[in-house]
């Protein structure tokens, strides 16, 4: 094994030092919960009778004592959304497997699961980011009955996995295993999908043709196959050791997928306090595991959403991470994958090329991952994750992953990376701090110096494009999109028109205090600008016609206005229509007021630093 890269060690040490006090308080809380012993002992007879009233006689007998573990199932199942529909049959599989392993499993609770693909560009998208915190709270409600010795978390998509993780870490004294659902089989090639979207944006094809193309792309049960936030979630959870090795990208409704679900159920039983190998999630998710997640994100050109979510997840475990950590790691972590939007392949092609086993082995061999974390694999360390599952005569087993990628155009090596640095950079200057995803942006488009055109609503930009008013070099400044303003919706709706203008030869870029998405693509976008406009951030001082320089390579983001003049400007008011009501938005006013800054996780759950 190679010696750990010096920069990876340096960043990890800095996070450990920065987090020392808050992490210790988190661990103290965890230990206090552990000292109470199996939690059903603390329930009164009336409490316990309510807790197992619907169980079978055998299950009641088992739960009346404390020797047999009770496993909570927390699931994001619904049958409208393709990614979550495969969890329909999982509870029955899990209960059977847990029973065979000597325990009991109860469906503790469901969590909401909304789809950014459905709400993209719609009012419902303004609930999306905060749904993560609702999911964390729903997870806590499910576990608050104090009946459980371990938990299985069933979730896949954008805000669901981060929300489940935050909730699970709040119950950090319990062992936890995450159960993926898998991606749908490949559909319409991504290049063709993008072509049709851009033709529609130009008015060259109609809604019928667009819907036909989208339906061929998103066509069955399972996650979307592009490398957005959902599949970045799965990578992240596996590289932190919370999935079984190689289980993230096995298609749903296959015998192998079902056996992996049952194996995950058996695995969590091994790690309860009643067993001999106790592994609570609060010990598994430490500073090294969080650094591994960041490294995986950078090496795969993953979703920009995790520059927010990982910070919130880390804070739930008393760990303090910021964008400087992402940026410094990005300069030493090579880009090893080309998965749409960073290439034309999809997640099934990545899996076929060797998937997570090859990726993890490659990073470990180059000294770019912490191999000594605790995982939920049979062997405690991450070195166990260079293997992939298969069925032999109907029995689940693991074999060594390929020694190298089977398709170098999709998954490369540290010796011959697609880019010597990672896919995310910090941007900063007199407009604040933010992030940019560069892995899908061609080198010739990474530097833009052009006049600003200011919008306070994404629909206004789309209307200006359709009216032919954007046929020029410009920087689109889309303001008042942050968490406190309107809940920080994704602005992926802007990708097709901006992509069309870039293809026409114009220099274009996006600068916003909102989000893009896991599908952030070929147009340079400085996003998550903090402080946000609703907090008086400098982006609210920019006026149409101001020259803006955005260099995604160096991380420079400045409005080219004399400092004295810019400082003296009064931030302009939000001119957009009211976003505080309709489609449930009126119920989230309190969360908008509580939301922390983007670099603090845009989180509503903690009114102060956790464990302070």
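All of the numbers you see were taken from the coordinates with simple rules; none came from a lab. Keep in mind that what you see is a predicted model, and the values were worked out from it rather than measured. Cβ: placed from backbone, ideal geometry, glycine included. Neighbour counts: every protein chain shown.
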Highest to lowest packing among 325-337, 114-126, scored as the average C-beta count within 10 Å: 325-337, 114-126
The chain: angle of helix 128-143 to the longest principal axis, Cα-based, in degrees nearest 10: 10 degrees
Inter-centroid distance (Cα atoms) of region 331-399 relative to region 66-136, Å: 25 Å
Sequence ranges 216-222, 462-468, 537-543, 147-153, ranked by mean other-Cβ count within 10 angstrom, highest first: 147-153, 537-543, 216-222, 462-468
Length released on extending from residue 503 to residue 100, taking residue separation times 0.36 nm less the Cα-Cα span: 139.2 nm
Neighbour-count order for 224, 603, 55, fewest beta carbons within 10 angstrom listed first: 55, 224, 603
Within the chain, helix-based [θ] at 222 nm, where runs of 4 or more DSSP H residues each add -39,500 (n - 2.57), nearest 500: -10500 deg cm²/dmol
Contour excess over end-to-end distance, with Cα ends at residue 587 and residue 80 and 0.36 nm allotted per residue: 180.2 nm
Of all DSSP beta bridges in region 424-551, antiparallel share, percent nearest 5: 50 percent
Computed FRET value (nearest 0.05) for residue 400 with residue 56, which takes r as the C-beta separation and R₀ as 41 Å: 0.50
Sorted by Cβ density within 10 Å, fewest first, the residues 517, 215, 66, 128: 215, 66, 128, 517
FRET efficiency, 1/(1 + (r/R0)^6) with R0 22 Å, evaluated for residue 449 and residue 573 via beta carbons: 0.20
Near-label residues of region 322-339 by backbone N, under 14 Å of a point 7 Å along Cα→Cβ of residue 6: 332
Antiparallel content of DSSP bridges confined to the chain, in %, to 5: 45 percent
Contour excess over end-to-end distance, with Cα ends at residue 564 and residue 92 and 0.36 nm allotted per residue: 163.3 nm
Protection proxy ranking, peptides 576-582, 17-23, average beta carbon neighbours within 10 Å, highest first: 17-23, 576-582
